[in-house]
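Here's the structure we're looking at; comments come further down.
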Amino acid sequence: MTRLFGTDGVRGLANRELTAALALGLAQASAVVLTKGHHADARRAEGRRPVAVLARDPRISGEFLAAAVAAGLASSGVDVLDAGVIPTPALAFLVENSGSDFGVMISASHNPAPDNGIKFFAFGGTKLPDEVEDRIEATMDAPRLMPVGGDVGRIRRFADAEDRYVVHLMGAVRNRLDGIHVVLDCAHGAAAGVSPEVFHDLGARVTVIGADPDGININDGVGSTHLDQLAAAVLEHGADVGIAHDGDADRCLAVDASGAAIDGDQIMAILAIALKERGDLAQDTLVATVMSNLGLKRAMRDNGIAVVETGVGDRYVLEAMNEHGYSLGGEQSGHIVFQQHATTGDGILTGLSLVAEMARTGKSLAELASVMTVFPQILINVRDVDRSALDGDEVVAAAVAEAEAELGDSGRVLLRPSGTEQLVRVMVEAASQDDADRIAHRLADVVRVQLAATPA
């Protein structure tokens with residue numbers, strides 16, 4: 001049976017895979033699983049109900065899904081603090097800040113408007129480990145909590161949710177942004193009500209695009225997955241930097257004054273070096289995924305910073321950070337975590353920190369990014385193959401070994417099965433794009449032949 005939870009909560013086409021009934025059931029099951037613990041027990045001992053913070057991004061389906069989640073929680077005896085439309089990292093922060101038992105975010109991040117998702121945050125604002133998600137899924141077939149009378153939960157507006165988050169962000173930035181002209185692309189998403197305000201209050205000159213959400217335009221040609229409009233706006237306005245968020249503002253990518261894209265690896269390189277210089281990079285270590293560019297590892301080595309690699313997904317970055325006490329980690333896609341200030345990726349905090357480093361040093365973003373040489377990279381998705389056979393295929397393994405020998409220390413090869421589709425991802429980095437393309441397509445052909453899926 002396919003696991004309901006994916007790498008970032010439960011996702012699907014809203015009102016098809018992700019229905020109001022499913023949202024209700026997930027909420028009721030989460031109330032059983034996530035209100036077991038000393039904090040919830042103490043609340044009950046004091047005659048109070050457990051509390052959950054609920055939030056969403058502005059996509060239209062979030063309205064009925066949030067209503068279903070609120071109903072499921074309240075019917076299970078959980079008080080709901082409805083924070084409305086706020087970024088995912090704001091929800092995570094508010095769970096911890098308000099001392100709530102858990103949080104629920106309705107968002108499909110960078111996906112198009114018809115999609116949506118439900119993800120849960122535990123006490124303290126942390127993402128759930130796989131085993132807790134599995135317990136929630138299993139509990140959906142178990143008896144529900146069905147309190148009556150005064151034990152039924154209440155649903156209240158979290159009136160100062162956005163203000164609390166803004167104050168938190170401003171307190172997390174070490175210096176002002178005066179003298180920097182920033183173009184912000186809010187992806188017609190949850191950042192629209194927060195990001196421009198914080199950048200302006202910290203002294204930046206701000207030009208805003210993608211900040212008119214109407215429920216159906218989220219991520220539509222804007223945001224961190226579509227940097228063309230941001231680059232054009234930076235050039236048009238003569239700005240110093242462009243900052244792009246995704247729909248729920250948990251990631252950040254950038255463009256420099258020339259319109260060149262600056263990805264999450266480059267942002268991490270800049271921020272890791274800055275943190276190390278001021279003694280705030282725990283154990284002089286950065287946490288990144290196996291998909292991060294080889295250039296990041298070399299830049300970190302040259303600056304005396306170790307790199308710990310994890311599987312793909314910000315949750316695995318977070319697990320490594322929490323287990324070993326590291327202070328900075330993230331992904332090439334722009335999910336970047338500052339352990340001192342956040343329990344999950346925060347695109348607004350990342351953008352603020354990047355621009356603050358420009359203001360502190362007086363350097364352009366291109367100058368800061370030059371600490372890292374980006375190796376040419378290609379990623380090929382080989383579809384309709386048996387992904388489960390990848391690890392045991394000797395012919396594929398021999399082809400990979402041959403490619404690695406050819407590249408030497410000037411590149412690398414990574415093959416990995418998709419977690420959700422019948423495909424294998426072939427990634428190659430090399431000193432030249434031609435070499436990367438040639439080797440990647442050669443490996444993709446081997447995978448396609450050797451792992452050809454058996455017809456049903």
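Among the residues of the range 160-190, write down those that are more than 20 Å from the chain's Cα centre (by Cα), assigned to a helix (DSSP H, G or I) and more than 27 Å from PRO112 (Cβ to Cβ).
ASP163, ARG164, VAL167, MET170, GLY171
Considering each residue of the range 247-264, count those that are touching a residue at least 60 places away in the same chain (Cβ under 8 Å), under 21 Å from the mean Cα position of the chain (by Cα) and surrounded by fewer than 24 Cβ atoms within 10 Å (Cβ to Cβ), and give that number.
Of the residues in the range 247-264, 1 are touching a residue at least 60 places away in the same chain (Cβ under 8 Å), under 21 Å from the mean Cα position of the chain (by Cα) and surrounded by fewer than 24 Cβ atoms within 10 Å (Cβ to Cβ).
Looking for whichever is under 21 Å from VAL53 (Cα atoms), surrounded by fewer than 23 Cβ atoms within 10 Å (Cβ to Cβ), in contact with a strand residue (DSSP E or B) (Cβ under 6 Å, 6 or more places away or on another chain) and at pLDDT 95 or above here; the options are PHE121, PHE158. Which one fits? Step through it out loud before you land on a result.
On the way: PHE121 fails: surrounded by fewer than 23 Cβ atoms within 10 Å (Cβ to Cβ).
Just one listed residue meets the conditions, PHE158.
Kindly check whether there is at least one residue in the range 18-34 that is open to solvent by 10 Å² or more (accessible area, probe 1.4 Å), assigned to a loop (DSSP other than H, G, I, E, B) and either in contact with a helix residue (DSSP H, G or I) (Cβ under 6 Å, 6 or more places away or on another chain) or of a type in the set (Lys, Arg) (or both).
no
Which one of these does LEU365 not meet: (1) over 26 Å from ALA261 (Cα atoms); (2) open to solvent by less than 60 Å² (accessible area, probe 1.4 Å)?
(1)
Do any residues in the range 2-21 that are closer than 20 Å to ALA122 by Cα have Cβ atoms under 9 Å from those of residues that are of a type in the set (Asp, Glu) and part of a strand (DSSP E or B), where the two are at least six apart or on different chains, and which pairs are they?
So the pair list comes out as ARG11/ASP115.
If you check ASP201, ASP163, which single one turns out to be within 30 Å of VAL78 (Cβ to Cβ) and not aliphatic (A, V, I, L, M)?
Values: ASP201 fails: within 30 Å of VAL78 (Cβ to Cβ).
None of the others qualify; the one that does is ASP163.
To keep it simple, each residue is scored yes or no on (1) open to solvent by 10 Å² or more (accessible area, probe 1.4 Å); (2) among the hydrophobic types (A, V, I, L, M, F, W, C); (3) closer than 12 Å to ILE262 by Cβ; (4) at pLDDT 95 or above.
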{"site": "GLY325", "(1), (2), (3), (4)": "yes, no, no, yes"}
{"site": "VAL337", "(1), (2), (3), (4)": "no, yes, no, yes"}
{"site": "GLY347", "(1), (2), (3), (4)": "no, no, no, yes"}
{"site": "THR350", "(1), (2), (3), (4)": "no, no, yes, yes"}
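Pairs needed: first member in the range 45-59, in contact (Cβ under 8 Å) with a residue 24 or more places away in the chain; second member anywhere, part of a loop (DSSP other than H, G, I, E, B) and open to solvent by 50 Å² or more (accessible area, probe 1.4 Å); C-beta distance under 6 Å; at least 6 residues apart or different chains.
Once the first residue is in contact (Cβ under 8 Å) with a residue 24 or more places away in the chain and sits in the range 45-59, its partners that are part of a loop (DSSP other than H, G, I, E, B) and open to solvent by 50 Å² or more (accessible area, probe 1.4 Å) give PRO58/PRO213.
Just to verify a result, which residue in the range 276-294, among those that are modelled with pLDDT of 95 or more and part of a helix (DSSP H, G or I), is least open to solvent (accessible area, probe 1.4 Å)?
Among residues in the range 276-294 that are modelled with pLDDT of 95 or more and part of a helix (DSSP H, G or I), the one least open to solvent (accessible area, probe 1.4 Å) is ALA282.
For the range 196-210, state whether one or more residues are under 21 Å from SER61 (Cα atoms) and modelled with pLDDT of 95 or more.
Going residue by residue through the range 196-210, those that are under 21 Å from SER61 (Cα atoms) are 210.
Within this subset, residues satisfying the condition of being modelled with pLDDT of 95 or more are 210.
Yes; the residues of the range 196-210 include at least one that is under 21 Å from SER61 (Cα atoms) and modelled with pLDDT of 95 or more.
Say whether the condition of being under 30 Å from HIS226 (Cβ atoms), of a type in the set (Lys, Arg), open to solvent by less than 10 Å² (accessible area, probe 1.4 Å) and modelled with pLDDT of 95 or more is met by at least one residue in the range 51-61.
Yes.
GLY215: under 15 Å from SER333 (Cα atoms), open to solvent by less than 40 Å² (accessible area, probe 1.4 Å) and out of contact with any helix residue (DSSP H, G or I) (no Cβ under 6 Å at 6 or more places or on another chain), yes or no?
no
Take GLY203 and tell me if it is open to solvent by 10 Å² or more (accessible area, probe 1.4 Å), closer than 19 Å to MET358 by Cβ and part of a loop (DSSP other than H, G, I, E, B). Can you show your working first?
Numbers: open to solvent by 10 Å² or more (accessible area, probe 1.4 Å): yes; closer than 19 Å to MET358 by Cβ: yes; part of a loop (DSSP other than H, G, I, E, B): yes.
Yes: the conditions hold for GLY203.
The values are calculated or read from the model by the stated rules, or taken from the named source; none is laboratory data. What you see is a predicted model; the values in this text were computed from it and never measured. Because the Cβ atoms are built from the backbone with ideal geometry, glycine has one as well, and the counts that use them run over all protein chains shown. For the accessible areas, the whole protein counts, side chains as well, though only heavy atoms, and no ligand, DNA or RNA atoms are used. Shrake-Rupley method; radii C 1.70, N 1.55, O 1.52, S 1.80 Å.
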